[in-house]
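Have a look at the structure below before the remarks.
The values are calculated or read from the model by the stated rules, or taken from the named source; none is laboratory data. From a predicted model like this one, the values you see are computed outputs, not experimental measurements. Don't worry about glycine lacking a Cβ; one is built from the backbone with ideal geometry, like all the others, and counts go over all protein chains shown.
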Amino acid sequence: MIIASKLKETANHNTQGKSDKIFAHRGHNENNNGVFMLKVRQGFLTLCSVVFISQGSAADSLTDIYELALQSDPTLRAARANFQVGRETESISRAYLLPVISATGSYQESEGDRESASFYGGQTPVPRNGSSDSTETTYGVSLRQPLFDMPAWYQFQRGKNLSKSAAAQFAADQQTLILRVSNAYLGALRAYDNNETRKAEQRAIQRQLDQTRERFEVGLLPITDVHEAQAVFDDALVNSLEARGAVNIAFDALEAITGTNHNVLSGLKDEFMATNPEPLSSADWVSFSLSGNYQLKTAKLGKDASYNQAKAATAELLPKITFNANYSNRDSDSDLLFYTDSGAIPGNEFSYSDGHSFSVNLSMPIWSSGINAGRRQYKQQSIASSENFEVAKRNTVQTARTRHQLVITNAARVKARKQAITSAESALGATQAGYEVGTRNIVDVLASQRSVFQAKRNYANARYDYIFAMMGLKEVAGQLSPDDIYQLNAWLDPSLPVTK
């Protein structure tokens with residue numbers, strides 16, 4: 001990356017000029033040359049591995065990861081399913097206002113034998129035996145239409161509120177995905193830049209430590225300078241190990257979103273500019289947030305849904321009027337056989353009927369303690385939802401102002417951090433010159449070196465902080481969209497590989 005190459009140039013510039021003087025005092029330096037050549041070979045192998053990785057696999061852009069997350073992120077898939085659940089609430093509640101048509105039908109076959117006897121005046125019983133084989137077909141159609149049902153009407157209004165709330169929540173979840181993907185991607189770039197800076201800092205301190213040892217060996221410096229340089233190097237080594245682990249953790253965060261392993265990302269161009277938000281006025285962004293924030297819309301629709309639920313509970317005491325229409329048809333046919341002394345006598349029974357009816361029914365509860373308790377309960381829930389909406393409204397205003405100020409501050413921080421690099425490098429040059437003439441000590445030089453690398457880390461972090469703050473401001477205003485992903489992706493360069 002450009003940042004890494006500048007770090008190397010700075011480190012080489014910091015040690016240029018004085019190294020010739022130091023090496024002039026070497027007596028026998030075969031061991032030092034061996035260590036130096038080993039470091040060169042290690043650096044060459046590292047460079048070759050980076051080149052191989054960058055050529056062997058294409059760098060993933062922010063757009064690539066976002067589009068993959070749209071399909072693979074389980075959190076978004078769950079949000080999409082919840083949206084599908086919520087949008088059906090309106091249809092379900094509407095059904096209680098629409099007519100209900102139902103049909104019934106049956107077909108029955110039966111066979112039976114019958115044995116009976118009759119007694120007349122104590123005489124011999126007269127048997128009446130027989131059998132039957134019958135079929136019966138019935139069917140009917142009924143219609144039920146509510147004419148006046150205020151609880152169902154308010155429940156329908158509540159269902160519309162909840163369906164709209166589900167849509168607003170899903171829009172908020174989609175914006176959250178953009179933030180999560182951007183945060184994870186920028187987190188990987190941030191961790192990589194910090195790691196590169198830590199490694200460059202470690203190399204610079206290592207060179208300073210080697211030179212300090214060489215001066216000590218020829219009697220130019222006391223042993224305390226060596227110990228102080230060694231302590232600073234040990235601290236830099238620990239920081240490098242931590243930065244290396246942070247890179248792996250940051251790449252794992254991307255994998256948790258997409259379910260895919262990512263090894264190479266596109267780095268952020270050095271030409272990226274941090275600008276103030278447009279419009280610049282904080283009041284404008286507050287106005288955008290009050291009208292466009294999806295979480296605030298969800299709270300508003302939740303308040304309306306609770307209000308309609310309370311109205312539905314109150315309307316349970318009102319009469320309900322329902323229209324009913326019915327039609328039925330019955331067809332029965334039975335074959336009979338009677339047994340007598342003279343033989344079997346066949347017979348037949350047949351019946352048919354159909355008809356229809358219309359009715360208007362009215363029902364009204366006279367007294368029910370459960371209805372009154374439910375009415376009081378839903379009224380308090382409505383009050384709670386109204387207060388929660390007010391809380392969400394105030395929090396939205398505060399968040400909009402805070403994020404707006406954060407964007408302006410971070411834009412200024414980027415410019416200031418960039419200037420701080422120049423100032424730190426100038427201070428390092430002055431400190432090194434003073435060290436050469438004996439007016440500054442090794443601790444001053446090491447502190448100045450670390451200030452340069454700290455300034456470069458601060459500059460890189462300020463750029464990423466600005467990007468995420470700008471996205472956060474758009475999110476609270478309800479203006480964050482996939483276009484912001486594509487616009488940010490235009491500032492990424494695949495020729496600046498960020499490797500795991």
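Quick notes on this structure:
- The stretch 422-435 residues that are under 20 Å from residue 458 (Cβ atoms) and surrounded by 15 or more Cβ atoms within 10 Å (Cβ to Cβ), paired with ones that are of a type outside the set (Gly, Ala, Ser) and at pLDDT below 95 (beta carbon under 6 Å, 6 or more apart): 424/452; 425/452; 428/452; 431/440; 431/444; 431/445
- Across the stretch 169-201, the qualifying residues are those that are aromatic (Phe, Trp, Tyr) and surrounded by 23 or more Cβ atoms within 10 Å (Cβ to Cβ), and the one among them that is nearest to the chain's Cα centre (by Cα) is 185.
- All of 452, 407, 397 fail the test of being assigned by TED's automatic domain parsing to the domain that holds residue 211, surrounded by 20 or more Cβ atoms within 10 Å (Cβ to Cβ), under 36 Å from the mean Cα position of the chain (by Cα) and not polar (S, T, N, Q), apart from 407.
- Flag for residue 188 being at pLDDT 95 or above, under 24 Å from residue 459 (Cα atoms), touching a helix residue (DSSP H, G or I) at 6+ places or on another chain (Cβ under 6 Å) and not β-branched (Val, Ile, Thr): yes
- Residue match in the stretch 317-325 (condition: over 49 Å from the mean Cα position of the chain (by Cα) and closer than 30 Å to residue 149 by Cβ): yes
- Filter result (basic (Lys, Arg) and within 20 Å of residue 148 (Cα to Cα)) within the stretch 81-108: 94
- As a summary of the residue check, residue 368 satisfies the conditions (1) in contact with a Lys or Arg (Cβ under 8 Å, 6 or more places away or on another chain); (2) closer than 30 Å to residue 322 by Cα except for the one numbered (1).
- Residues (surrounded by fewer than 18 Cβ atoms within 10 Å (Cβ to Cβ), in contact (Cβ under 8 Å) with a residue 60 or more places away in the chain and in a helix (DSSP H, G or I)) located in the stretch 469-500: 482, 486, 489
- Among the residues of the stretch 273-287, those identified as touching a residue at least 24 places away in the same chain (Cβ under 8 Å) and surrounded by 12 or more Cβ atoms within 10 Å (Cβ to Cβ) are 274, 276, 277, 282, 285, 286.
- Residue match in the stretch 339-352 (condition: surrounded by 15 or more Cβ atoms within 10 Å (Cβ to Cβ), assigned to a strand (DSSP E or B), touching a residue at least 60 places away in the same chain (Cβ under 8 Å) and outside the structural domain of residue 466 (by TED's automatic domain parsing)): yes
- Number of residues in the stretch 353-384 that are over 30 Å from residue 141 (Cα atoms) and not in a loop (DSSP other than H, G, I, E, B) equals 16.
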